[in-house]
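J.: Please see the structure below; I have some questions.
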Amino acid sequence: MSANDQDDVICHFAGHGELYLRQLHVIRARWDETLIHARTPCGIAIVTPLQLNILDRRLPAAKPVTVANPPKFFDFCIPLLLSGPKAEGLLQCLDERFERDCALYGVARARWMYRGSALRSLWPLLRRVVARAIKKAVVLEVIRRFFS
Amino acid sequence: MELTTLEQHALLAIVALHPDAYGISIQDHIGRIAGYEPPIGSIYAALDRLEEKGFVRSKQGEATRERGGRRKLHFLITAPGRRALIGSLNAVSSLGRAARLQEVLA
């Protein structure tokens with residue numbers, strides 16, 4: 001599609017999708033060749049061209065196909081390695097980076113980037129937890145030997 | 001008290017970004033200025049160490065619009081942190097002078 005087509009679609013989306021946007025509390029929308037990525041408070045809503053047609057006809061059943069969220073596995077891992085507010089802060093940072101990557105590279109690639117970034121983040125945290133555990137064990141062993 | 005390179009860079013980023021220093025902004029700042037981007041987990045591990053030493057303190061911000069409305073954790077440098085940073089930077093500068101770095105690298 002040409003640049004003009006892109007502009008047309010964006011205008012079209014912004015004009016006719018106003019009610020839809022308001023319903024979703026969309027913060028920002030981005031268009032690529034096949035999909036519209038609309039950023040919402042709960043993730044990235046992906047709207048297909050078919051739904052654009054729905055919006056065009058102003059039918060009430062316009063819902064996002066999927067709401068993209070980053071992999072949930074790390075929501076469980078990271079709080080095991082960091083204290084409460086810091087784990088929340090780190091997950092917020094990963095989410096922020098995920099949103100940015102979604103807008104730049106699309107959801108699928110952003111998910112992989114999130115996984116990579118989260119895995120690279122786990123290692124230094126794990127190392128720190130292990131170092132702390134070893135330090136505690138050494139202190140306890142010294143105390144135990146002193147009193148035995 | 002000695003600081004690692006990452007701790008030093010994180011403290012400098014906190015000073016530069018005050019009062020909006022949190023994980024991603026610190027990572028971006030280091031990437032932009034120092035030319036390398038440490039993993040966000042390494043930054044949090046360094047900040048955790050600095051907080052234990054009393055060089056920074058953290059403060060939770062408002063809930064953000066990202067998934068789950070998680071709150072940002074902002075970091076502020078403390079007076080001992082500022083002293084440690086200045087000491088560390090002076091030490092690096094003195095070592096550079098002692099090695100006559102300018103002459104060697106010229």
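Here, each number is a calculation from the coordinates, and none is a lab measurement. Computed from a predicted model, the values in this text were never measured in an experiment. Note that we place each Cβ from the backbone using ideal geometry, even for glycine, and neighbour counts take in every protein chain shown.
J.: Report the Cα centroid-to-centroid distance between the stretch A:69-133 and the stretch B:1-61 in angstrom, as an integer.
T.: For the stretch A:69-133 versus the stretch B:1-61, the Cα centre distance is 17 Å.
J.: So, one more: Calculate the dipole size of chain B relative to its Cα centre from +1 charges on Lys and Arg beta carbons and -1 charges on Asp and Glu beta carbons; express the result in debye to the nearest 20. Write out the running numbers ahead of the final one.
T.: On the way: 14 positive and 11 negative charges, 50 e Å.
Charge dipole of chain B: 240 debye, to the nearest 20.
J.: What FRET efficiency comes out for the pair A:ALA137/B:ALA99, r = Cβ-Cβ distance, R0 = 25 Å, nearest 0.05? Don't jump to the answer; show the numbers that get you there.
T.: On the way: r = 40 Å, r/R0 = 1.61.
Efficiency computed from Cβ-Cβ geometry: 0.05.
J.: Which of the helices in chain B, when you take each full DSSP H run, stretch at least 15 Å along the axis at their Cα atoms and have an average Kyte-Doolittle score of 0.0 or higher? Numbers along the way, then the final one.
T.: On the way: long enough: B:5-17 (18 Å, 1.42); B:23-34 (16 Å, 0.29); B:40-53 (20 Å, -0.09); B:79-98 (28 Å, 0.25).
Those that pass (Cα extent of 15 Å or more, hydropathy at least 0.0) are B:5-17, B:23-34, B:79-98.
J.: For A:LYS136, give me every one of the lysines with a C-alpha distance below 20 angstrom, ignoring sequence neighbours fewer than eight places off in its own chain.
T.: B:LYS53
J.: Right, another one. Taking amide H atoms as placed 1.01 Å from N in the peptide plane, list the residues 5 or more away in sequence, or in a different chain, whose amide H sits under 5 Å from that of B:VAL56.
T.: B:GLU51, B:THR78
J.: Under 27 Å between alpha carbons, and skipping anything fewer than 8 positions from B:LYS59 in its own chain: which lysines qualify?
T.: Excluding near neighbours in sequence, the set is A:LYS72, A:LYS86, B:LYS72.
J.: Let me ask something else. Considering only the other residues whose Cβ falls under 14 Å of the Cβ of A:ALA137, what net charge follows from Lys and Arg at +1 and Asp and Glu at -1?
T.: Details: positive: A:ARG132, A:LYS135, A:LYS136, A:ARG144, A:ARG145; negative: A:GLU141.
Summing Lys/Arg as +1 and Asp/Glu as -1 gives +4.
J.: Using a cut-off of 13 Å between beta-carbons, work out the net charge of the residues near B:ALA13 (Lys and Arg +1, Asp and Glu -1, B:ALA13 not included).
T.: Values: positive: B:ARG32; negative: B:GLU7, B:ASP20, B:ASP28, B:GLU37.
Cβ neighbours under 13 Å give a net charge of -3.
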